[in-house]
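Here's the structure we're looking at; comments come further down.
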Amino acid sequence: MTETRISLRFDALREAYRQGSLGPCDVVAGVYDAIARRGDDHVWTALADRETAMARARELQARIGEMDSLPLYGLPFGVKDNVHVAGMPTSCGCPGFTQWPQHTAAAVQRALDAGAIFIGKQTLDQFATGLNGTRMLGGHCLNTFDADIIPGGSSTGSGVAVAAGLVSFSLGSDTGGSGRIPAAMNNIVGLRPSIGLVSSRGMVYNNRLFDCMPVFAPTVAEAHTVLRAIAGHDAQDPIGRVAADGSCWSLEPNFPARFRFAVPDSLEFFGDTESERCFAQAVRELEALGGTRVSMPFTAFREAGTMVFESALVAERAASYGQVLDEHPGELVPAVAAVLQRARGYTAIDGFKAQYRLRELQREIRMQLEGIDVLVTPTVPKAFTVAEMLAEPLLRNNQVGFYTYGVGPLDLCALAVPAAIRRDGVPFGISLVGRAGEDGRLLGLGERFQAAVNLKPGIEALA
């Protein structure tokens, strides 16, 4: 007998709840059963107690009449394991670092208040230091399309869980691409909001000034629904920002019908001709949607990106969790230990110089984006194999982040959208990059692009 799986897509669940064909308890039971069937797939670091999740489902079932006022009603979700959930361990992939927070991260609490059901903590490249998804102790997640290809990181479990249909959405973290790379590698959407639009209070930080909490969802529309629910000024978050009139930035998808999009003048695919072909097709699709392509210098973008790991900005990591280098060195992935060792070598003078240079680059990018509606790049330049990554972990990881590293330090927002399934069966995606506060505009173009491409999300594309 073929087993029927419950669709966890937003509209499907809401319709089933309205009709009474499913209740939140049915969904929670289905989620835990699906997780059990997959066995030790390295997606989760800790699951919420099943009965606790069922109690939450029963509570929501009793509130079925409030569904229209709860935008995330009955949607199961996961949280990356460097984001705090009260009563759950936060390990960052390092057992010796494990904390037991008393308070839930502000954005996670907003999701709960909007009716979502918490399922568990999801795996990551250790301490969110990495973009490939293999920097884990004891095994890593598998790409949902090809086990030989990297799954993407650092929010690895978050991306795989959504793509595999284990949860409706996930919340992760993004310093240099961690909210976009796993989305691209698993054929889903990854939304990196403007810094300060979503509270980052309640995370273990890599770079406090440009870390943010991204959304993983099957489609742009679903990511938009989550963003609306979790966005908002947090008076206790010193990085939080509001518009000049005291309101939050607009999230209306008001992208113009005719637009100018910039493409880097120095495209790099590291020899991956299939990714190059897919990006060219995506550019043609954007032109068909009303876009005019222009070229934009990419030097400043790249320099800002390299500063994430190759300047004194990396010293912040030692401030956040550097003690594990002394207290639990045997529990560190070698690449992470190397980053922390390097982080300790910078001086305060180096730190100020890095900040000054970063401000110069931010100004340069603002000038280059004048008259441009959106910057468009590949999300990942090459579909690296796990073997390639493990053979040259530092070089290959940096190549994975070629197009994503610069977004955070340059104070931009970004939306990673699926664009194609390559001829070898591996997903390919593009990133739409905008100025801080232009999240709504990116979402508007992203929805149009996704509708035009008409590609089913996650493993639905395999059906």
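The values are calculated or read from the model by the stated rules, or taken from the named source; none is laboratory data. Computed from a predicted model, the values in this text were never measured in an experiment. Backbone-built Cβ (ideal geometry, glycine too); neighbour counts: all protein chains shown.
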task: Could you tell me which numbered condition D125 fails, if it satisfies all but one of (1) buried (at least 24 other Cβ atoms within 10 Å of the Cβ); (2) in contact with a helix residue (DSSP H, G or I) (Cβ under 6 Å, 6 or more places away or on another chain)?
output: (2)
query: Counting only residues that are β-branched (V, I, T) and over 25 Å from D33 (Cα atoms), which one in the range 84-112 is nearest to the chain's Cα centre (by Cα)?
result: T104
task: Evaluate the range 163-173: report whether one residue or more is crowded, with 24+ Cβ neighbours inside 10 Å, farther than 20 Å from I195 by Cβ and either of a type in the set (V, I, T) or within 8 Å of the chain's Cα centre (by Cα) (or both).
output: yes
- prompt: Of all residues in the range 121-138, how many are farther than 20 Å from G202 by Cβ and among the β-branched types (V, I, T)?
  reply: 1
query: Within the range 429-454, how many residues are part of a loop (DSSP other than H, G, I, E, B) and more than 18 Å from E287 (Cβ to Cβ)?
result: 3
field: Pairs with Cβ under 9 Å, 6+ apart, first in the range 218-237 and under 9 Å from V189 (Cβ atoms), second hydroxyl-bearing (S, T, Y) and assigned to a loop (DSSP other than H, G, I, E, B)
entry: P218/S168; E222/S168
- line: Restricting the range 335-386 to residues that are assigned to a loop (DSSP other than H, G, I, E, B) and modelled with pLDDT under 95, the one surrounded by the most Cβ atoms within 10 Å (Cβ to Cβ) turns out to be Y346
message: So for the range 308-329 (the condition being of a type in the set (F, W, Y), part of a helix (DSSP H, G or I) and closer than 26 Å to S431 by Cα), does at least one residue qualify?
response: yes
- request: Scan the range 414-461 for residues that are in contact with a Ser or Thr (Cβ under 6 Å, 6 or more places away or on another chain) and farther than 21 Å from N186 by Cβ and jot them down.
  value: A436, G437, D439, G440
message: Tell me yes or no: at least one residue of the range 90-103 is within 20 Å of H42 (Cα to Cα), in contact with a Ser or Thr (Cβ under 6 Å, 6 or more places away or on another chain) and part of a loop (DSSP other than H, G, I, E, B).
response: yes
- prompt: Going through the range 6-65 one residue at a time, which ones are buried (at least 17 other Cβ atoms within 10 Å of the Cβ), modelled with pLDDT of 95 or more and among the β-branched types (V, I, T)?
  reply: V27, V28, V31, I35, V43, T45
query: With F77, F127, F97, F118 as the choices, which residue is in contact with a Cys (Cβ under 6 Å, 6 or more places away or on another chain) and in contact (Cβ under 8 Å) with a residue 60 or more places away in the chain?
result: F127
- request: Count, please, the residues in the range 113-127 that happen to be more than 19 Å from the chain's Cα centre (by Cα) and assigned to a loop (DSSP other than H, G, I, E, B).
  value: 2
message: Quick test for you: out of T292, T273, T306, pick the one residue that is of a type in the set (S, T, N, Q) and free of Cβ contacts under 8 Å to residues at least 12 places away in the same chain.
response: T273
- prompt: Looking at G87, G133, which is the one that is surrounded by 18 or more Cβ atoms within 10 Å (Cβ to Cβ), of a type outside the set (S, T, Y) and in a loop (DSSP other than H, G, I, E, B)?
  reply: G133
- prompt: Looking at this structure, is A111 in contact with a helix residue (DSSP H, G or I) (Cβ under 6 Å, 6 or more places away or on another chain), crowded, with 24+ Cβ neighbours inside 10 Å, closer than 23 Å to L60 by Cβ and at pLDDT 95 or above?
  reply: yes
query: When the range 136-148 is examined, which residues are found to be at pLDDT 95 or above, out of contact with any Gly (no Cβ under 7 Å at 6 or more places or on another chain) and surrounded by fewer than 24 Cβ atoms within 10 Å (Cβ to Cβ)?
result: L142, A147, D148
query: Counting only residues that are assigned to a loop (DSSP other than H, G, I, E, B) and among the aliphatic types (A, V, I, L, M), which one in the range 391-428 is nearest to A304 (Cα to Cα)?
result: L410
